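The values are calculated or read from the model by the stated rules, or taken from the named source; none is laboratory data. Here the structure is a predicted model, which means the values were calculated and not measured. Glycine gets a Cβ as well: all are built from the backbone with ideal geometry, and neighbour counts include every protein chain shown.
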Amino acid sequence: MTSYKYHSMKIIIFLNVLMFLALGLFLLSGCKKNTPDSPDYSDKMKAISYLTENYPPFNYENEGEIYGVSADILNGLFTKMNIEPTDITLEINEWDTVYQRTLNQPNTMLFSVVRIPERENLFKWVGPIAPQKDVVIALSSQQLNITNAADLATHTIGVIAGYSNITLLLNLGVPQSMLVEVNSMSDLYAGLTNQSFECIAYSEIGHGLAVVSMGYNPDDFDIVYDLQVTQLYYAFNPGISNELVDYMQAVLDEFKLDKTEDGSSVYEKILNKYQVIEHVEDNITEQMVIDLVSTTSQHLEENSSATLDKINAGEAPYHDLINPSLYAFAYDTAVTMVAHATNPLLVGVNFRGKTDAAGKPFRDQIVSGALAHGTGWEDYIYTKPDQSGLYYKTTYYNLTTGSDGKLYVVCAGRYK
């Protein structure tokens, strides 16, 4: 296996203070900080060395500051834990360097890391942070045609040393001899453009940012094969206490759910800022959505009070445990959430004028559409209960009159 040498000076930098202040404004408007009775882990968190690499848009260095989805979310978690960003230092270096250091040095944490079975027992995990899709990229001039895994095995593929896509490619049957390892993103694209290898494996969303940042013409590259979608995590050295890891996981879980005054969470805003919005195919069909809305509407007509209680308790059929992204929720005509099968904390919240992370007041449009037409569909971007990230979603709605004489807008959705 060929390996390219890469020389760089290690950079120690502080978290971006301006980024912290901007996030702080969001957090003050919608996120709860720890109460005085909460455990104080701030000293232990400050003692950890936070390690990362250049992997846009999730983490990358620009003019001495760290940006990206994972960095912004981490900054938000520090804010919720009452930790000043100036008390935390980040170190950015080549992937293999920071990966090995996190494995072997106590009190270290690495981001962003794909969680795969081969790594499961090597780290302690907090996440998921966000989804990312690995793809195979080639020069447009090569007119490479890869239609299946067998085709992959006939081409030399550039990869970054230590990346999880190496394991994936090997499992797909690509011989080790066809993989050419390099140490950095810049070496990866340099090797592709000078034809040291025929194609590269890299993140789909990262590719678009990488070629622009390095001065390449995006039209000179083609995505020739989709590999897989994986989830990114924060990975801690295994010596970190379970108590500390569990605490940070709880803070992240709350951070994802906290809604700001405009109706979306800081987490959603961060993903939208970097355009980490995914299309996803699940097992939920349009007919399944329509059937759930019809069933829920019928039950509300028969017994509103009992049905609302069962929805908010997450009972079947209002929450499909086999397909957890299929669930019922309902608004009144004032756009107040009256029932939600997966997030009862939203019940009682008025969402009039509140938007998704892209600024669309989709809830208002659902209710107004129901009042005008009775039934219909509405598209927007939203989180997914069983995964991290933002996804394109469509919701079917139906206006129904409950047994209590009140009007309800009954909804269910699917991702697309």
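Having 2 or more residues that are over 30 Å from Tyr382 (Cα atoms), more than 18 Å from the chain's Cα centre (by Cα) and not aromatic (Phe, Trp, Tyr) is the bar; report the helices (runs of 4 or more DSSP H) wholly within the range 50-156 that clear it.
So the answer is 95-104, 149-152.
Every residue, every condition in (1) within 18 Å of Ser265 (Cα to Cα); (2) in contact (Cβ under 8 Å) with a residue 12 or more places away in the chain; (3) within 19 Å of the chain's Cα centre (by Cα), yes or no:
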{"site": "Lys360", "(1), (2), (3)": "yes, yes, no"}
{"site": "Val367", "(1), (2), (3)": "no, yes, no"}
{"site": "Thr383", "(1), (2), (3)": "yes, yes, yes"}
{"site": "Leu390", "(1), (2), (3)": "yes, yes, yes"}
{"site": "Ser403", "(1), (2), (3)": "no, yes, no"}
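Within the range 379-407, being within 16 Å of Tyr327 (Cα to Cα) and either of a type in the set (Lys, Arg) or touching a helix residue (DSSP H, G or I) at 6+ places or on another chain (Cβ under 9 Å) (or both) holds for Tyr382, Thr383, Lys384, Lys393, Thr394, Thr395, Tyr396, Tyr397, Asn398.
Scanning the range 175-210 for residues that are at pLDDT 95 or above, surrounded by fewer than 19 Cβ atoms within 10 Å (Cβ to Cβ) and of a type in the set (Ser, Thr, Tyr) yields Ser177, Thr193, Ser196.
Residue-wise test of (1) outside the structural domain of Pro324 (by TED's automatic domain parsing); (2) surrounded by fewer than 19 Cβ atoms within 10 Å (Cβ to Cβ); (3) not aliphatic (A, V, I, L, M).
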| residue | (1), (2), (3) |
| --- | --- |
| Asp364 | no, yes, yes |
| Val367 | no, no, no |
| Leu371 | no, yes, no |
| Ile381 | no, no, no |
| Leu390 | no, no, no |
| Thr395 | no, no, yes |
| Thr400 | no, no, yes |
| Gly405 | no, yes, yes |
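What number of residues within the range 355-378 are part of a helix (DSSP H, G or I), in contact with a strand residue (DSSP E or B) (Cβ under 8 Å, 6 or more places away or on another chain) and among the polar types (S, T, N, Q)?
Filtering the range 355-378 for residues part of a helix (DSSP H, G or I) gives 362-373.
Filter once more, so that each one left must be in contact with a strand residue (DSSP E or B) (Cβ under 8 Å, 6 or more places away or on another chain): 362-363, 365-367, 369-371.
Okay, now just the ones that are also among the polar types (S, T, N, Q), so 365.
Going through the range 355-378 one residue at a time, the tally reaches 1.
Considering Leu152, Leu168, Leu144, the condition of being under 26 Å from Leu103 (Cα atoms) and either among the aromatic types (Phe, Trp, Tyr) or touching a residue at least 24 places away in the same chain (Cβ under 8 Å) (or both) is satisfied by Leu168 alone. In this entry, Gly68 passes the filter for residues that are at positive phi and at pLDDT 90 or above. Considering the range 248-319, the qualifying helices (runs of 4 or more DSSP H), each wholly inside and each with 2 or more residues that are surrounded by fewer than 19 Cβ atoms within 10 Å (Cβ to Cβ) and without any contact (Cβ under 8 Å) to a residue 60 or more places away in the chain, run over 286-302, 304-312.
Among residues of the range 24-49 being polar (S, T, N, Q) and part of a loop (DSSP other than H, G, I, E, B), the one that is modelled with the highest pLDDT is Ser38. Checked against the criterion of being crowded, with 21+ Cβ neighbours inside 10 Å, within 19 Å of Thr230 (Cβ to Cβ) and in the same structural domain as His207 (by TED's automatic domain parsing), the range 97-116 has no qualifying residue.
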